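Some notes on the structure that comes next.
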Amino acid sequence: MMIWVDADACPVKDEIYRVALRHAVPVTIVSNSPIRVPDHPLIGRVVVGDAFDAADDWIADRVEKRSVVITADILLADRCIKQDAAVLGPTGKPFTANSIGGAIATRAIMADLRAGGDVIGGPAPFSKADRSRFLQALDETLVRLRRAG
């Protein structure tokens, strides 16, 4: 098992480290610029540069069936799901083969509205409940993957 983190705007990195270390699962933090990570043999960092989608491409090229990907990027989530990886958003919401199509469609609609000049709100502010939900979802995902062997 491996946890891959699309890290540049990830608000739950500390939670990922805590759960990953408890389960002894390696974590790789992937970002466009250097991010400080704990000094631990299970935690690695990759800086991919600032090319468009460089972090997404790096992660998508390496995921496999027992990978867990943490990202808010819907298109990266779709790429990883197609490779049988488990994908969680930072609020703990899982992206699945059944839910990703609707998420992509909603993303496209919102982009069209913004392009047409409509003023629309962004996502709700990240909350303590989101953080708690994420911790539980990551823990459950790792347990499920370990049992599936």
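The values are calculated or read from the model by the stated rules, or taken from the named source; none is laboratory data. None of these values were measured; they are calculated from a predicted model. All Cβ positions, glycine included, derive from the backbone under ideal geometry; neighbour counts span all protein chains shown.
Observations
- Within the stretch 97-115, considering residues that are outside any loop (DSSP other than H, G, I, E, B) and surrounded by 12 or more Cβ atoms within 10 Å (Cβ to Cβ), the one modelled with the highest pLDDT: I100
- A single member of V87, V69 is out of contact with any Ser or Thr (no Cβ under 6 Å at 6 or more places or on another chain), free of Cβ contacts under 8 Å to residues at least 40 places away in the same chain and within 26 Å of D14 (Cβ to Cβ), and it is V87.
Residue by residue, here is whether (1) under 20 Å from D6 (Cα atoms); (2) modelled with pLDDT of 90 or more holds:
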{"residue": "R79", "(1), (2)": "yes, yes"}
{"residue": "F95", "(1), (2)": "yes, yes"}
{"residue": "P123", "(1), (2)": "yes, no"}
{"residue": "G149", "(1), (2)": "no, no"}
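- Only one of R45, R36 that is under 22 Å from F126 (Cβ atoms), among the charged types (D, E, K, R) and over 13 Å from the mean Cα position of the chain (by Cα): R36
- When the residues of the stretch 42-63 are filtered to those that are out of contact with any Ser or Thr (no Cβ under 9 Å at 6 or more places or on another chain) and either aliphatic (A, V, I, L, M) or touching a residue at least 60 places away in the same chain (Cβ under 8 Å) (or both), the one that is farthest from A137 (Cα to Cα) is A51.
- The lone exception for V30 - which of (1) free of Cβ contacts under 8 Å to residues at least 40 places away in the same chain; (2) part of a helix (DSSP H, G or I); (3) touching a Phe, Trp or Tyr at 6+ places or on another chain (Cβ under 7 Å) it fails: (2)
- Those residues of the stretch 72-83 which are in contact (Cβ under 8 Å) with a residue 12 or more places away in the chain, outside any helix (DSSP H, G or I) and charged (D, E, K, R), in sequence order: D73
- The one condition in (1) loosely packed, with under 12 Cβ neighbours inside 10 Å; (2) assigned to a loop (DSSP other than H, G, I, E, B); (3) not β-branched (V, I, T) that R62 fails to fulfil: (1)
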